[in-house]
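What follows is a single structure, written as structure tokens, with notes after it.
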Amino acid sequence: MFPTSTDKQIETAYSHAKARYAAYGVDAETAMQRLAGIPISLHCWQGDDVGGFESLAAMDGGGIQATGNYPGKARSADELRADADKAFSLIPGRHRFNIHAMYAETGGKKVDRDALEPAHFAGWIDWARARGLGMDFNPTCFAHPMADSGMTLAHADPAVRRFWIDHCVACRRIGAAMGRALGTPTVTNIWIPDGMKDIPVDRMAPRARLRDALDAVLAEPIDPSHNLDAVESKLFGIGSESYVVGSHEFYLGYAVHKGVLLTLDAGHFHPTESIADKISSTLLYVKELLLHVSRGVRWDSDHVVILSDELRAIAEEIIRHNATDRVHIGLDFFDASINRIAAWVTGTRAMIKALLIALLEPAETLRALEQDGDFTARLALLEEIKTLPFGAVWDYYCLKQGVPAGAAWINEVKQYEKDVLSKRN
Ligand code: RNT
Ligand code: ZN
């Protein structure tokens, strides 16, 4: 069993921590209040290894590979929702849930992706509404026979392009229906796998086709209070090592040109390139960003998020620029080798911790030092504040939000594994 702390222990530690932060001019109460207002969008696909429930006799997964076969993965939308409920019960704050088109519930009827309708997502919307969750959405342009060639919206065959355009149009309408029903705009994010394993000769023609296809997808105006459109780039994928049609430059240009959101996935750049530094630049030119917070490890772009320097840098950028209303924070990772609920909880708690650390920064002091050119004190202070007792504030935040503090949540996941997950299959 992992240790639980008493309320008294947590409160005592917090009162000491609060005083330490106050000495630096930081109000821990304000930090926690602000933190409670920042939703994180949890991605449904960690719960079933990006499988979906369509039971198409499929196919290549568009180079998105979940590795591992940890037992107990969700086999139906009901199981996935139950697992997500368990995860949410261990995560402080009120958040969002992000699903893919391939999680449609068609009641056993075969409905192809270009014919999907809001009704096929009623189960998800009802579930989210009952819990006060917002929802986000994604067309699924992979794991489908029409994506077998590795090309979708950029395909040379107009019939294939048409199919995927129709799918994305349907998804924007579904996104709008979700947003309208839940009273908070759905971000509908378009990611496509299109690319080439080996060196292409014509890098431009597929990009021109993608631009035109996206124009067709976005032609129908949709109320931004219901649905926001986002486009996500990638540097390379498995099977698209030499060329990805939707590169960063492609989508940066497209997002600026069309006024849609730009998605920055932390695992979609060169291994030493951080998306943290892209936030301030892109926010000068695009209205809003969607983040896919992830963790790249060598060639994999989707390890479970941890409280790394990179994650902290991302959170600092959002908080220092006071950009929480322009940066939508979504998660995107999938690990099939560990308990999937623990993966969600670990990654989401890490994201929230990173935001809390950023909110506890003595921001005004640091800015003043920089403005005065006192780079000595800036560096020294940045180092010293790393050992302030942020953990005591985090534990107290968990206590106040009614979720386990510290490692105690692991016990609950183990119990759920015993009671529920181990009975699957
Ligand atoms: C793939 C993209 C994309 C997917 C999800 C499932 O490389 O990151 O966001 O992970 O849509
Ligand atoms: Zn992503």
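The values are calculated or read from the model by the stated rules, or taken from the named source; none is laboratory data. These numbers were taken from a predicted model, which means no experiment stands behind them. Here the Cβ is made from the backbone with ideal geometry for all residues, glycine too, and neighbour counts use every protein chain on show. Note: areas computed on protein heavy atoms with side chains; ligands, DNA, RNA excluded. Shrake-Rupley method; radii C 1.70, N 1.55, O 1.52, S 1.80 Å.
With respect to the conditions (1) closer than 30 Å to ARG129 by Cα; (2) in contact with a Ser or Thr (Cβ under 6 Å, 6 or more places away or on another chain); (3) assigned to a loop (DSSP other than H, G, I, E, B), SER225 falls short on a single one, namely (2).
In region 218-235, the residues that are in contact (Cβ under 8 Å) with a residue 60 or more places away in the chain form no Cβ pair under 9 Å with any partner that is more than 16 Å from ligand 1 (Cβ to nearest atom) and part of a strand (DSSP E or B), whether six or more places apart or across chains.
Can ILE192 be described as away from ligand 1 (no atom under 16 Å from the Cβ) and either of a type in the set (Val, Ile, Thr) or on the phi > 0 side of the Ramachandran plot (or both)? Explain how you work it out, then say what you get.
Numbers: away from ligand 1 (no atom under 16 Å from the Cβ): no; either of a type in the set (Val, Ile, Thr) or on the phi > 0 side of the Ramachandran plot (or both): yes.
Against the criterion (away from ligand 1 (no atom under 16 Å from the Cβ) and either of a type in the set (Val, Ile, Thr) or on the phi > 0 side of the Ramachandran plot (or both)), ILE192 does not qualify.
Of all residues in region 289-318 being in a loop (DSSP other than H, G, I, E, B) and within 16 Å of ligand 2 (Cβ to nearest atom), which is nearest to the chain's Cα centre (by Cα)? That would be SER294. Collect the residues in region 194-222 that are open to solvent by less than 40 Å² (accessible area, probe 1.4 Å) and assigned to a loop (DSSP other than H, G, I, E, B), keeping them in residue-number order. Of everything in region 194-222, those that are open to solvent by less than 40 Å² (accessible area, probe 1.4 Å) and assigned to a loop (DSSP other than H, G, I, E, B) turn out to be ASP194, PRO200, LEU218, ILE222. Among the residues of region 143-161, those identified as without any contact (Cβ under 8 Å) to a residue 12 or more places away in the chain and part of a helix (DSSP H, G or I) are PRO158, ALA159.
Return the only residue of LEU360, LEU381 being under 23 Å from ARG94 (Cα atoms) and over 15 Å from the mean Cα position of the chain (by Cα). The conditions single out LEU360.
Per the listing GLN33, GLN65, GLN46, the residue uniquely open to solvent by 20 Å² or more (accessible area, probe 1.4 Å) and either touching a Cys at 6+ places or on another chain (Cβ under 9 Å) or outside any loop (DSSP other than H, G, I, E, B) (or both) is GLN33.
With respect to (1) open to solvent by 40 Å² or more (accessible area, probe 1.4 Å); (2) within 16 Å of ligand 1 (Cβ to nearest atom); (3) out of contact with any His (no Cβ under 6 Å at 6 or more places or on another chain), the lone exception for LEU284 is condition (2).
Applying the condition of being of a type in the set (Gly, Ala, Ser) and within 16 Å of ligand 2 (Cβ to nearest atom) to region 323-349 and asking which residue is surrounded by the most Cβ atoms within 10 Å (Cβ to Cβ) yields GLY347.
Looking only at residues that are within 15 Å of ligand 1 (Cβ to nearest atom) and more than 15 Å from the chain's Cα centre (by Cα) in region 251-269, which one is surrounded by the most Cβ atoms within 10 Å (Cβ to Cβ)? Explain how you work it out, then say what you get.
First, pick out the residues of region 251-269 that are within 15 Å of ligand 1 (Cβ to nearest atom): 251, 261-269.
With the extra rule that they be more than 15 Å from the chain's Cα centre (by Cα), the set shrinks to 251, 269.
Values: TYR251: 23, PHE269: 19.
Within region 251-269, the match that is surrounded by the most Cβ atoms within 10 Å (Cβ to Cβ) is TYR251.
Just one of the numbered conditions (1) in contact with a helix residue (DSSP H, G or I) (Cβ under 7 Å, 6 or more places away or on another chain); (2) surrounded by 15 or more Cβ atoms within 10 Å (Cβ to Cβ); (3) under 24 Å from ALA276 (Cα atoms) is not true of ALA405: (3). Hey, any hits in region 93-108 for a residue that's over 26 Å from ARG172 (Cα atoms) and at pLDDT 95 or above? Yes, there is a match, as at least one residue in region 93-108 is over 26 Å from ARG172 (Cα atoms) and at pLDDT 95 or above. Screening ALA58 on (1) among the small types (Gly, Ala, Ser); (2) at pLDDT below 95; (3) away from ligand 2 (no atom under 16 Å from the Cβ); (4) buried (at least 20 other Cβ atoms within 10 Å of the Cβ) shows it passes everything except condition (4).
Taking region 350-387, which residues are of a type outside the set (Gly, Ala, Ser) and surrounded by 20 or more Cβ atoms within 10 Å (Cβ to Cβ)? First the steps, then the outcome.
Of region 350-387, the ones of a type outside the set (Gly, Ala, Ser) are 351-353, 355-357, 359-362, 364-367, 369-372, 374-376, 378-379, 381-387.
Those that are of a type outside the set (Gly, Ala, Ser) and surrounded by 20 or more Cβ atoms within 10 Å (Cβ to Cβ): MET351, ILE352, LYS353, LEU355, LEU356, ILE357, LEU359, LEU360, GLU361.
Taking the options ARG312, ARG298, name whichever one is among the basic types (Lys, Arg) and modelled with pLDDT of 95 or more.
Values: ARG298 fails: modelled with pLDDT of 95 or more.
Answer to the check: ARG312.
Pairing residues of region 252-272 that are farther than 13 Å from ASN189 by Cβ with residues that are part of a helix (DSSP H, G or I) and at pLDDT 95 or above, at Cβ distances under 8 Å and at least 6 apart in sequence or on separate chains, gives LEU252/THR282; TYR254/ARG211; TYR254/LEU214; LYS258/LEU214; LYS258/ASP215; ALA266/GLU310; ALA266/ILE314; PHE269/HIS248.
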